[in-house]
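Novice: Before anything else, here's the structure in question.
The values are calculated or read from the model by the stated rules, or taken from the named source; none is laboratory data. Remember, predicted model here, so these are calculated numbers, not experimental data. Here the Cβ is made from the backbone with ideal geometry for all residues, glycine too, and neighbour counts use every protein chain on show. Protein only, heavy atoms only, side chains kept; ligands, DNA and RNA dropped before computing areas. Shrake-Rupley method; radii C 1.70, N 1.55, O 1.52, S 1.80 Å.
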Amino acid sequence: SVVLLLILALTFAQPFCAHQSVSLRSCTFQYWCADPNCLHNMALQDVTVIDLTHVVAGPFATKILKDHGARVIKVENPKTGGDVTRQLLPKVKEDGWSAYFETLNGGKESIALSLSLKDKAAADDRKMFEAMLEKADVLVENFRPGVLAELGYSWESLHERFPKLIVASISGFGQNGPYMKRKAVDTIVQGMSGFMACTGTPDSPVKVGTTVSDLLAGVYCATGIVTALHARHRTGTGSRVDISMFDTSFSFHAREFALYQLEGIEPERIGNLSGVGIYPFDVFECLNGQAISVSCPKDPAYAAFCRLIDAPELIQDPLFKDPASRWKNQKALQPLLKAKVAKVDRATLLEGLKNLKGNEAFPFGPVNNFQDLQTDPQLIHRGMIEPRRKGSLRVVGNPVKVTSPALDRSATYSPIDAPTLGQHTESLKQEFGMASRSRL
């Protein structure tokens, strides 16, 4: 998978470790990972990324690179107020920061530059931008195809001037093809790419709850950039990375597409049920209104589940005697199980499921809300919750964990807030403004 490729590509470099100290109620804790072999990965610590992206897909790609040690310099137009995500709700009450912007841009630097060819006053800003490109490794943008060229920075001209520079572009439909110029947002791409064809109930297609098409494009973009960096290590030449939201979302439906090719069958929208012949494979609501998810197709596991919910009669019923029978008769079995589970306290049921052993044990879990997730002991143990804005906000941490026998226990990681618009403009101008015009 793309995530596995990214993990493998990022492990061949020096990481640094995290450390402990947590107070969930006050939210005044450092990033930590209780596993002593878990390192906060710094594989890309010698990579500089110039970030022209905005909203979700592009900033998520550069966030992934930043999480692995890259220096990310976010270029924002001061005349438009910078990245529009700065204005999106919800906002942190204490200082008015957009929580969404914070989750995608923590630890980045921000420089305010106008790159318009129509703005004569932007000439110095363009020189500054080009001075940064001379020393940068990667440029990432998610404008509509053609906009970068309209600014005077087509792939061809950039590659001629900065042959080692990797240029990554994210768009709705890619840099070529009949849909190239079409506008796209996450929901539109979810509908076009197959997500809605197989998500929801028979009565209605439903989009995935999060902005999955945006986020997938970001993950694939980061993977493409790591691939291009490795290729440059061999060839000495930069590449173009062309990411389409439509392509990346469609790629996640390989099984459904193959099924249609072989049998001409459109995937059913089956809600929480399994499409591969397993039942019980479902979500059940418990006595207190909270839900659990279970998958127990084998006979010992099914029997154990029935005993826990006080339904021994469903074990011996010939309609449900084996996995094939339970799958065939799931419409009859489902309401019987749901009625039984509705009489059981969730905490009691989860404890019983946790204590099952051997062939009786099977995959299960609570259907968590976000109040559950912010105190989940596994997420905390894995360092998946980080503080921002002086503890007034918690954000999702880096899910890629890198282990090494050469653990540097002296290194530490402290989460950094997202920058204000143009926060680093002056310091970056001092650093790059007189830079040599020749790329090293």
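Novice: Tell me, please, whether a residue that is in a loop (DSSP other than H, G, I, E, B), modelled with pLDDT of 95 or more and among the hydrophobic types (A, V, I, L, M, F, W, C) can be found in segment 210-228.
Specialist: Looking for residues that are in a loop (DSSP other than H, G, I, E, B), modelled with pLDDT of 95 or more and among the hydrophobic types (A, V, I, L, M, F, W, C), one finds none in segment 210-228, hence no.
Novice: All but one of (1) open to solvent by 50 Å² or more (accessible area, probe 1.4 Å); (2) more than 37 Å from the chain's Cα centre (by Cα) hold for residue 265, so report the exception by its number.
Specialist: Failed condition: (2).
Novice: Can you list residue pairs whose Cβ atoms sit under 6 Å apart, with the first residue in segment 106-124 being at positive phi and the second being buried (at least 18 other Cβ atoms within 10 Å of the Cβ)? Count only pairs 6 or more apart in sequence or on different chains.
Specialist: 107/66
Novice: Only one of (1) at pLDDT below 95; (2) basic (Lys, Arg); (3) farther than 30 Å from residue 168 by Cα fails for residue 307. Which number is that?
Specialist: That leaves (1) as the condition not met.
Novice: A follow-up question, please. Within segment 275-309, take every residue that is without any contact (Cβ under 8 Å) to a residue 24 or more places away in the chain and within 16 Å of residue 367 (Cβ to Cβ) and give me the one that is surrounded by the most Cβ atoms within 10 Å (Cβ to Cβ).
Specialist: Among them, the one singled out is 281.
Novice: If you take the residues of segment 207-228 that are more than 15 Å from residue 248 (Cβ to Cβ) and free of Cβ contacts under 8 Å to residues at least 24 places away in the same chain, which of them is nearest to the chain's Cα centre (by Cα)?
Specialist: Among them, the one singled out is 209.
Novice: Go through segment 229-245 and give me each residue that's assigned to a loop (DSSP other than H, G, I, E, B) and on the phi < 0 side of the Ramachandran plot.
Specialist: Across segment 229-245, the qualifying residues are 237, 238, 239.
Novice: Hey, residue 147 hits all of (1) at negative phi; (2) modelled with pLDDT under 95 but one; which does it fall short on?
Specialist: Tallying (1) at negative phi; (2) modelled with pLDDT under 95, residue 147 fails exactly one: (2).
Novice: Does residue 271 meet the test of being closer than 27 Å to residue 319 by Cβ and out of contact with any helix residue (DSSP H, G or I) (no Cβ under 7 Å at 6 or more places or on another chain)?
Specialist: Details: closer than 27 Å to residue 319 by Cβ: yes; out of contact with any helix residue (DSSP H, G or I) (no Cβ under 7 Å at 6 or more places or on another chain): yes.
In short, yes.
Novice: Of the conditions (1) modelled with pLDDT under 95; (2) on the phi < 0 side of the Ramachandran plot, residue 96 fails just one. Which one is it?
Specialist: (2)
Novice: Regarding residue 213, is this residue touching a Leu at 6+ places or on another chain (Cβ under 9 Å) and open to solvent by less than 40 Å² (accessible area, probe 1.4 Å)?
Specialist: No; evaluated as a whole, the condition is false for this residue.
Novice: Looking only at segment 189-206, how many residues end up being among the aliphatic types (A, V, I, L, M) and either surrounded by fewer than 16 Cβ atoms within 10 Å (Cβ to Cβ) or without any contact (Cβ under 8 Å) to a residue 12 or more places away in the chain (or both)?
Specialist: Result for segment 189-206: 2.
Novice: I'd like the full set of residues that are in contact with an Asp or Glu (Cβ under 8 Å, 6 or more places away or on another chain), among the basic types (Lys, Arg) and surrounded by fewer than 18 Cβ atoms within 10 Å (Cβ to Cβ), limited to segment 86-114.
Specialist: none
Novice: Next up: Whether any residue in segment 162-184 is open to solvent by 30 Å² or more (accessible area, probe 1.4 Å), assigned to a helix (DSSP H, G or I) and either under 17 Å from residue 242 (Cα atoms) or modelled with pLDDT of 95 or more (or both) is what I want to check.
Specialist: The answer is no; no qualifying residue exists.
Novice: Taking segment 159-203, which residues are under 19 Å from the mean Cα position of the chain (by Cα) and within 30 Å of residue 131 (Cβ to Cβ)?
Specialist: If the condition is that a residue be under 19 Å from the mean Cα position of the chain (by Cα) and within 30 Å of residue 131 (Cβ to Cβ), then 168, 169, 170, 171 are the ones that fit.
Novice: Looking at this structure, is residue 59 assigned to a helix (DSSP H, G or I), crowded, with 19+ Cβ neighbours inside 10 Å and at pLDDT 95 or above?
Specialist: Yes.
Novice: Here is a follow-up. Could you tell me which residue of segment 216-225 is farthest from residue 194 (Cα to Cα), considering only residues that are open to solvent by less than 10 Å² (accessible area, probe 1.4 Å) and of a type in the set (A, V, I, L, M)?
Specialist: The extreme case among them is 225.
Novice: Next question. Among the residues of segment 353-390, how many are in a helix (DSSP H, G or I), surrounded by 12 or more Cβ atoms within 10 Å (Cβ to Cβ) and of a type in the set (D, E, K, R)?
Specialist: Count: 4.
Novice: OK, next. State the number of residues belonging to segment 233-248 that are open to solvent by less than 60 Å² (accessible area, probe 1.4 Å) and touching a Phe, Trp or Tyr at 6+ places or on another chain (Cβ under 8 Å).
Specialist: Of all residues in segment 233-248, those open to solvent by less than 60 Å² (accessible area, probe 1.4 Å) come to 236-239, 241, 243-246, 248.
Filter once more, keeping what is touching a Phe, Trp or Tyr at 6+ places or on another chain (Cβ under 8 Å): 238, 243-246, 248.
So the count comes out to 6.
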